[in-house]
Each structure stands twice: as C-alpha cells, then as structure tokens.
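Asker: Here it is: the structure, laid out below.
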Amino acid sequence: MTDPAFLALTALLLPAVSFLVLAIVGPLRRHGHAAAYLSIVLSAAALVAAVAAWRVSAAGGFSERLWSWIPAEAGPLAVLGVLADGDSTLMLILVALVSFLVQVYSLGYLSDETLPSLGRYYTYQSLFAFSMMGLVLAPNFVQLFICWELVGLCSYLLIGYWYTRPEAARAAVKAFWITRAGDTGMLVGIVLLWYQTGTFDFLQLLQLADAGLIPLEGLGVITFCIYLGAAGKSAQFPFHVWLPDAMEGPTPVSALIHAATMVTAGVYLLTRMVWLFRLTPDVMEIVAWNGAFTALLAAVLACVQTDIKRVLAYSTVSQLGYMMAAIGAGFASAGFLHLLTHGIFKALLFLGAGAVIHASATNDIFQMGGLGRRMPQTTIVFVVGALSLAGIPFFGGFFSKEEILGATLAGGFPGVFAILLFAAFLTAFYMFRVIFIAFGGAPAPSHGGGESHVHDAPPFMAVPLWILALLAVGVGIFLPFVRWQAEFEAPHGITYAAITVAVLGIALAYLVYQRRVISADTLAAVLGPIRVAAQRRFWLDDLFAGIYRGIMLRFAWAVGWVDRYLVDGVLNVLSAWTLMAGDRLRRIQTGQPQDYVYGVALGVIALLVWMRWPR
Amino acid sequence: MGLGAYLTLAAALFAIGLFGVITRRNTIGILLGIELMLNAVNINLVAFARFNADVVGMIFTVFTICITVAEVALGLAITILIFRIRRTVVADHLDLLKG
Amino acid sequence: MTLEAITFWALGAVLLASALMVVLTKNLFHSVLYLALSLTSTAGVFLALDAEFLAFIQLLLYAVGVTTIAVIAILVTERLVGARITQTSRHIVTGLIVSGALLAAVLGFLRGVPLPIERPPLAVDVTRAIGQVLLTEFVLPFELLAVLLLVGLLGALYFARPDE
C-alpha cells in the first residue's frame, strides 16, 4: 500500500468511477443533488489518495504501473498507466484539491440550476478530473495525448454548459478549435519524436536523452511542435484568444479549468519534458521570449477590461507567460513552483469573483461598488488573492514570482527580465484597479434595486474560499522557510525590485481609482492609442475570425464539393453504369428456348477449344 | 472401319441434330432434332463399347434409349397441352421466359 | 474395300442424308418420316457394330414407337382442314455456323487422339452378356427404369387428358 503508483492510480480511478456511474445511471444523474454528492465524495477520496501518494513519493525516485494496450510485434504500441514521482504527485494534489473545492463551491453557485442540468455538470466535472489526472500521471506520450484531448473536450463541454446561450456555445467552439490547432502541432511533434527514437515512453526517452542518443537534427522542429500544443492549451500568444471568451462558462469552471488545471497542462508538459527541450536551446529562447511577450500583452489587456472575469482571464494568460518564461530560461522548477502557487490564488480569485457575481448579478465592475462594506468576508479573501497575485511578501505568489524573475536573469535573458518586471507592475495595477472599483468607494448608482441580494457568500461557497485563502497565506509564510532548492544564485536586488514594483502598482491604482487624485481619463488620454488597441484586443480576435471565415470555411466548402461531386459522383456513375449494363443484358433472355440452346452449344465449343488449345 | 469413323459419323449426326434444334420453328421439329442428337450419342456409346470390349457401354445405351423414349412421349404431351391452351406450336410464340 | 467398309459407308450416307432431310424439310410430316428412316439406319449401324440386341431395341422403340408418337402429335396439333403446318426455319446461317463450329471442334479433338482400328474379337455372345450384366450388376437401375417408364406413362396420360 505504500506504492505511490498504486495510490496515484486510486486517485485517478475514483473520479473515473464517478463519471461512469453518473453517465450510465440516468436517474441518479437527473436527480441532481445525488450526483453532486457522489462526485464530491469521490473527489475528496481522490484528494486523500493524492496526498498520500505525494507523501510516499516525496522521498525522490518514482514508480510506475503500466498496462499494454495495443499489442504489436516489437513490443506494445501503446501503453497506459501511471508514472508517480515528486512532480506528478504534487500536481495531482493541486488537481484533486482544486477539483474538490470547486465541486463543493458549485453546489452553492449553481443552486439555481435545474436538477438534470446539475447532474450533467457533475458528470462533466468527474470526467474532467479523471482526464486531468490521467494527463498528469501519463507515463508516455500516447496517454498524454489522449488525456490532453479529453481535457480539451471537457473544457468544451463545461464552457458550453449553458449551451442555450449563443455566446457560450461560440466560446466553447472557439476554445476547442484553437486548442485543437495547437494540438495538431503537438501530435506532429510526438509522431516525429517517435520516428526518431522509436519510443513514446518518458522514462525511455529520458534515458536516451541522458545517454545522448537522441539525434539532434530535426529535434528543434519536434520540440517546437510540442511547444505549439503547450502554447495552445496554456494560452500563449497567439493562441491566447480563447481564454477570455471561455469566461462564458460558470465561474467555478473558470476557477478549475482556466486557472489551476487545464491551462497549466502546457506548462506541466514542458516541465516534464525540460530535459528534451534543453537539447534545443533555440526553441527554449522562443519559449522564453514568447512567454514574456504574452505576459506583457495580457497585462496590458487586463488593464482596460470592465468584466471582472475577463480581468482574471487575462491575468491567467499573463501568469502563464511568466511560467513559460522561466522554463524557457532553463529553470523549470521556478515555473512549476509558480504553477502551484498560482493555481491556489487564481482559483481563490475566481471563486471570489464568483461570489461577487452571484451576489451582484453582474460581471461589470463598474456596476459594482462599495462591496467592501456589504460583503466583508468575500472582500478579505479576494484581497488576499490579489496580494498574492501582486507578489507582496508573506502571500503566496511572492516567492514564486521572485524565483521566476531570478531565473530569467540567471538564464541570461535580461530583456525578458525587464519585460516581466514591467508586467509585474501592471499586474499589481490592474488587480487593485478592480478591487478599488468594485470593493471600494460607493455602490454604483444604477444598482439600487439589487441591494437586498448583496451579502456574503453562502457556506458552500464560503468554506472553499476560506480554505484557499488560508492556503495562499500559509504558502506565502512557510515557503521561504521550507528548504526550496533554488537551482541558481540570484542577485539579491531582485527581491527589492519585485516588491517595489508591486507596491508602485498598488499605489498607482489607489491614486487613480480610490482617491481619484489622478484622473482615470487623463491616464487614458496619455496612453491613448495603446488603450484603444487594447480595447480592441489588438485585433487578434478579428484576425482569427477572419482566418476562420475566409480560409477554413472556404476550404471546408471545397472539400465538401469534392466529396459530393467527385467521390459520390464516382460511385453514382458506377451504379448508373451497372444499371445500364443490367438493362442491356436483359435482352439475352429472349424467352426462346432455342436461343438458350445457342448458349449451351457455344459453351461446349468453347470448352472443346480450350481443351485442345496447343499448350 | 476404325473407331474414329464411327465417332466421326456420330459427330456429324450430332451437328445436324443441333442445327435442327436451333433453326426449327415448330416445337415438334425441335423435338425431332433432339432425337437425332440422342441417336448420335447412342452410336458413340455402342462404338466405344465394341472397341473397348466392354459391355457396360451397351447397357448404358439400353438405358438411354428407354429414357429418351419416355422423354419424347412427355415432350409431345406437353406440346399438345400447349397447343390446346395457346392454339400454337410455333416455338417463337412461346416466350413466357422472356426477361 | 471390304464388305464391312461398304456397309459402313452406305449406312452412313443414308443416315446423314435422312438426318439432313429431317432438319431441312418444310413439311413436318415428311420430317417425321425421314426421322424414321434415320432411326432405322442407326439400327443398321448397331448391327454393323455387332450389337444385335441394341439394334432390335432401336427398331422397336425408336423407329416404331417414337415415330408413332410423333405422328399422333402432329395429327393432334395440325389443322385437319386447311394447309398443312409447314415450318420455316430461322437463323439458318447462325445455326450453320454454330453447328459447324461444334463439328469442327469435336473432329479437331478426335484428331489428336489415337483411336484403335481393329476390333477386339468377340469373346462372348453380346446379348447373353447384356442380359447377365443387366440383371446382376445393374438390376437396380433396371428396376428404377421400369418405375420411370411407369411415371412417364402416367404423366403423359395426365398431360394429354381431355379437358373437363
């Protein structure tokens, strides 16, 4: 029982059981609350198993369990199983924890849903938990890819949960389509890698890499293709456009999928594969610079958003850029650490935003206001999350963000460092802009009618919020003291630079939005063109839409034409010819017996001739 | 005369019979052609029986003759029946099998 | 030319000539008569092959029986008043070609095969041999033949029965 692979497998299979039961047993699912309880209980059990797995495997080393799935002559072609080591079990805990908390939270958030829909929601949640854990624990590329796609599917299902709303349906399709584009690249990369090395298995590939047996030529293409898949899932530029739209889904979904788990799959993959990517430093540079650029771009975009969830979405994109930059700089452990802490406080922020949205019945921050007085508890936890995001000491994000900044310098990317530092300033600014607008000040005048509904969150929603807040603070306090092996020596000034930048950002937000000392309009005028461009999301969405309409749909139409007229046409022609031939051949049957005698006679002659033909 | 002569004779008779079957319009005429063909077969059988000193060929011939006679009788009976129903024995008009 | 050869050629000529007349005559009744002639000459051929019993059977059953049946059939189907049923032929050329081709094929086949010239001497009385074998080895087909003839008789009677 102390085998971490076994414990990890248990954690993996519990949500699978939940999904299967809910999917097959219709009445249970349609009951709604029963489905929710089943899913939550199994999810809690999975969390326990995950923690146990981590405790056992934290000593280092790894263990795995494999089942051969597609047999072939030279060894099985596809193998499924779990690979439990320190990283994967840690990620497993994150997935299980956030999944469990989100499911509990959803009981409160989705209390207005019809019961069958609720059951459907929990079925999807279970499937997602299973898929994400399968991805995390994957021992080879085949299972990774399968779970990767499953996770994408769950994202589609959950974003489009309220599928009767056209925006939600469109957002779900957009998310699926864009991540799919990246996944195609990843598939190409995986197959190329197999072609070069003959194996999908991570451990075998690791051994090959260590022994220097992986051929280097063409490896850059491979790693770049794999990075494409990671970029799609982790919303790196230019694939980031799906994440803001994905906010059409319920807020708990955003917290789970678009903060803590699915979007981090890309970062996780790169962390797993860092020994492969180290062999291609050019691709690493691309990863780093693109990560930095994404971080900056998203931070700028977040400054002009009015929808609270969109602010958080762009914030996620920005932070993912941070993680990627760290990996690109060569220090994946920094990125991974930020992945874990970000998962906690971003989930906290999303769930807090959900409470706010639930109470004020709007997403627009300019329609909220003065929430600090009427929802004190929610305000506290939200501010905790914001402080973690901004990188203030003793809150979760500070240490990991500093690690990343140090990693970029140690990796020899001073430009990246500068960009990330500026982005940190913007991060603090936009986050506290939201806080001062929504929580500070007076209530928005037009919202007088909804006064009675604005209260603190009900227990189902409040408890997960508090748990996450405590975790965020706890991580912030204890992390520097836990011996976290930094892989590099960072100059000491970084810490002060990071803190300064964050405080400056908060200060600016305070001055603009709370004290109104600096007018927001003046600021807007100063940054005029940038602001306009940001409000148009730098026209990237339009570009994608144009590509879709112009190229994709045309291409699909052409393929359809070929299918209808050429492929079907060939078949129709053949069948028409057959009918014609049959019609003509009918005339042999004249009904005159003598004609049939003809036939017999000719046959006999033919037989005789054939027998006597000179050989 | 050697075996070949008798076989040639039978072959010629057979060909004539076949010609008759194919060209004749009257059903009874067709049956007569069939008679000739069967005759040719019998000659073949008896010739082989004689030249191989095997009496079984002749036994075979006995059987074929008997069966042929029965077949002719029945064929003519059917012809008469068709004539009664359709008032014709011209084979061209009996084309119910036409597909 | 030996007697045997002369007999063979004579019989052959009569046989083939009468067969040709069977298939070429316009008058159906004449056709039947010519058929009787060819059947009789076949009996002659059987005699030339030392198969007396068979010649006898041929005469009895074929030359007499079949001819009788054919004549009766013609009488029944022919209009008794008015023109006799004549028959014209169709597809003569095609028929010629097909039967000619068949003949050529068979003859060509026979050419390549060595055929004996000499008859083996008759060891036993053929008729006696036929009788013995027929009632020992082939008794079962023999009895079945009787059944067949009975069935044929009944069938013919049934077919040709008068309408009620």
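The values are calculated or read from the model by the stated rules, or taken from the named source; none is laboratory data. Computed from a predicted model, the values in this text were never measured in an experiment. Positions of Cβ are generated from backbone atoms using ideal geometry, with glycine treated the same way; all protein chains shown enter the neighbour counts. Note: areas computed on protein heavy atoms with side chains; ligands, DNA, RNA excluded. Shrake-Rupley method; radii C 1.70, N 1.55, O 1.52, S 1.80 Å.
Asker: Report, ordered by the first and then the second residue, all pairs with beta carbons closer than 6 Å, sequence separation of six or more or different chains, a first member in the range C:96-119 that is under 10 Å from B:Ala11 (Cβ atoms), and a second member that is crowded, with 16+ Cβ neighbours inside 10 Å and modelled with pLDDT under 80.
Answerer: Listed pairs, sorted by first residue: C:Phe109/A:Arg612.
Asker: Can you name the helices (runs of 4 or more DSSP H) wholly within the range C:1-79 that have at least 3 residues being modelled with pLDDT under 95 and within 7 Å of chain B (Cβ to nearest Cβ)?
Answerer: Filter on the range C:1-79 gives C:3-24, C:28-48, C:67-77.
Asker: Is there any pair with a first residue in the range A:364-390 that is closer than 20 Å to A:Lys401 by Cβ and a second that is modelled with pLDDT of 80 or more and of a type in the set (D, E, K, R) whose Cβ atoms are under 8 Å apart and which are 6 or more apart or on different chains, and what are they?
Answerer: Going by the 8 Å Cβ cut-off, the qualifying pairs are A:Gly385/A:Lys346; A:Leu389/A:Lys346.
Asker: What number of residues in the range C:42-80 are closer than 24 Å to B:Ala47 by Cα, open to solvent by 70 Å² or more (accessible area, probe 1.4 Å) and of a type in the set (D, E, K, R)?
Answerer: Qualifying residue count for the region: 1.
Asker: Which members of the range B:69-87 meet the condition of being within 17 Å of B:Leu36 (Cβ to Cβ), in contact (Cβ under 8 Å) with a residue 12 or more places away in the chain and more than 7 Å from chain C (Cβ to nearest Cβ)?
Answerer: Answer for the range B:69-87, where residues must be within 17 Å of B:Leu36 (Cβ to Cβ), in contact (Cβ under 8 Å) with a residue 12 or more places away in the chain and more than 7 Å from chain C (Cβ to nearest Cβ): just B:Gly75.
Asker: Restricting attention to the range A:111-141, which residues are surrounded by fewer than 20 Cβ atoms within 10 Å (Cβ to Cβ) and either touching a helix residue (DSSP H, G or I) at 6+ places or on another chain (Cβ under 9 Å) or not polar (S, T, N, Q) (or both)? Walk me through it before giving the result.
Answerer: Applying the first criterion (surrounded by fewer than 20 Cβ atoms within 10 Å (Cβ to Cβ)) to the range A:111-141 yields A:111-117.
A:Ser111, A:Asp112, A:Glu113, A:Leu115, A:Pro116, listed by residue number.
Asker: Looking only at the range A:187-216, which residues are open to solvent by 70 Å² or more (accessible area, probe 1.4 Å) and not in a helix (DSSP H, G or I)?
Answerer: A:Leu213, A:Leu216, listed by residue number.
Asker: Filter the range A:1-57 for residues that are surrounded by 20 or more Cβ atoms within 10 Å (Cβ to Cβ), among the small types (Gly, Ala, Ser) and under 19 Å from A:Ala138 (Cβ atoms) and give the result.
Answerer: Residues satisfying the conditions are A:Ala5, A:Ala8, A:Ala11, A:Ala46, A:Ala49, A:Ala50, A:Ala53, A:Ser57.
Asker: Of all the residues that make up the range A:403-412, how many are of a type in the set (A, V, I, L, M, F, W, C) and either over 21 Å from A:Asp282 (Cβ atoms) or buried (at least 24 other Cβ atoms within 10 Å of the Cβ) (or both)?
Answerer: 3
Asker: Can you find a residue that is of a type in the set (Phe, Trp, Tyr) and exposed (fewer than 13 other Cβ atoms within 10 Å of the Cβ) anywhere in the range C:103-120?
Answerer: The answer is no, given that none of the residues of the range C:103-120 is of a type in the set (Phe, Trp, Tyr) and exposed (fewer than 13 other Cβ atoms within 10 Å of the Cβ).
Asker: Enumerate the pairs (first residue in the range A:538-552 and at pLDDT 80 or above; second residue anywhere and open to solvent by less than 70 Å² (accessible area, probe 1.4 Å)) with beta-carbon separation below 7 Å, excluding pairs fewer than 6 apart on the same chain, so at least 6 apart or on different chains.
Answerer: Within 7 Å, no pair qualifies.
Asker: Is one or more of the residues making up the range C:138-146 open to solvent by less than 100 Å² (accessible area, probe 1.4 Å), assigned to a loop (DSSP other than H, G, I, E, B), over 18 Å from C:Phe56 (Cβ atoms) and not β-branched (Val, Ile, Thr)?
Answerer: yes
Asker: So which pairs qualify, if the first residue must be in the range A:600-615 and on the phi < 0 side of the Ramachandran plot and of a type in the set (D, E, K, R), the second must be at pLDDT 80 or above and in a helix (DSSP H, G or I), the Cβ gap must be under 8 Å, and the two must be at least 6 apart or on different chains?
Answerer: Close Cβ pairs satisfying both conditions: A:Arg612/C:Ala105; A:Arg612/C:Gly108; A:Arg612/C:Phe109.
Asker: Can you name the residue in the range A:259-284 that is assigned to a helix (DSSP H, G or I) and without any contact (Cβ under 8 Å) to a residue 60 or more places away in the chain and, of all such residues, is most open to solvent (accessible area, probe 1.4 Å)?
Answerer: A:Pro281
Asker: What's the number of the condition A:Leu571 fails, among (1) assigned to a helix (DSSP H, G or I); (2) open to solvent by less than 90 Å² (accessible area, probe 1.4 Å)?
Answerer: Of everything listed in (1) assigned to a helix (DSSP H, G or I); (2) open to solvent by less than 90 Å² (accessible area, probe 1.4 Å), A:Leu571 misses just condition (2).
Asker: Run down A:Gln594, A:Gln589 and say which single residue is more than 27 Å from C:Val106 (Cβ to Cβ), within 14 Å of chain B (Cβ to nearest Cβ) and polar (S, T, N, Q).
Answerer: Of A:Gln594, A:Gln589, the one residue that is more than 27 Å from C:Val106 (Cβ to Cβ), within 14 Å of chain B (Cβ to nearest Cβ) and polar (S, T, N, Q) is A:Gln589.
Asker: Determine whether A:Arg180 is free of Cβ contacts under 8 Å to residues at least 60 places away in the same chain and assigned to a helix (DSSP H, G or I).
Answerer: Numbers: free of Cβ contacts under 8 Å to residues at least 60 places away in the same chain: yes; assigned to a helix (DSSP H, G or I): yes.
For A:Arg180, the condition - free of Cβ contacts under 8 Å to residues at least 60 places away in the same chain and assigned to a helix (DSSP H, G or I) - is met.
Asker: Pick from the range A:142-156 the residues that are open to solvent by less than 40 Å² (accessible area, probe 1.4 Å) and of a type in the set (A, V, I, L, M, F, W, C): which of them is nearest to A:Trp69 (Cα to Cα)?
Answerer: This residue is A:Val142.
Asker: Out of the range C:120-153, which residues are in contact (Cβ under 8 Å) with a residue 24 or more places away in the chain and facing chain B (nearest Cβ under 9 Å)?
Answerer: The answer is C:Leu122, C:Val126, C:Ile130.
Asker: Yes or no: A:Ala175 crowded, with 23+ Cβ neighbours inside 10 Å and either closer than 18 Å to A:Met91 by Cβ or modelled with pLDDT of 90 or more (or both)?
Answerer: no
Asker: What are the residue pairs meeting all of these: first residue in the range B:23-41, first residue within 7 Å of chain C (Cβ to nearest Cβ) and in contact (Cβ under 8 Å) with a residue 12 or more places away in the chain, second residue crowded, with 23+ Cβ neighbours inside 10 Å and outside any helix (DSSP H, G or I), Cβ atoms under 8 Å, and 6 or more apart or on different chains?
Answerer: B:Asn26/B:Val89; B:Ile28/B:Val89; B:Leu32/B:Arg24; B:Gly33/B:Arg24
Asker: Right, another one. Could you go through the range B:56-68 and let me know if any residue there is more than 7 Å from chain C (Cβ to nearest Cβ) and within 30 Å of B:Arg25 (Cα to Cα).
Answerer: Yes, there is a match, as at least one residue in the range B:56-68 is more than 7 Å from chain C (Cβ to nearest Cβ) and within 30 Å of B:Arg25 (Cα to Cα).
Asker: Just the residues that are among the β-branched types (Val, Ile, Thr), more than 26 Å from A:Tyr37 (Cβ to Cβ) and at pLDDT 90 or above, please, taken from the range A:121-172.
Answerer: Answer for the range A:121-172, where residues must be among the β-branched types (Val, Ile, Thr), more than 26 Å from A:Tyr37 (Cβ to Cβ) and at pLDDT 90 or above: just A:Ile146.
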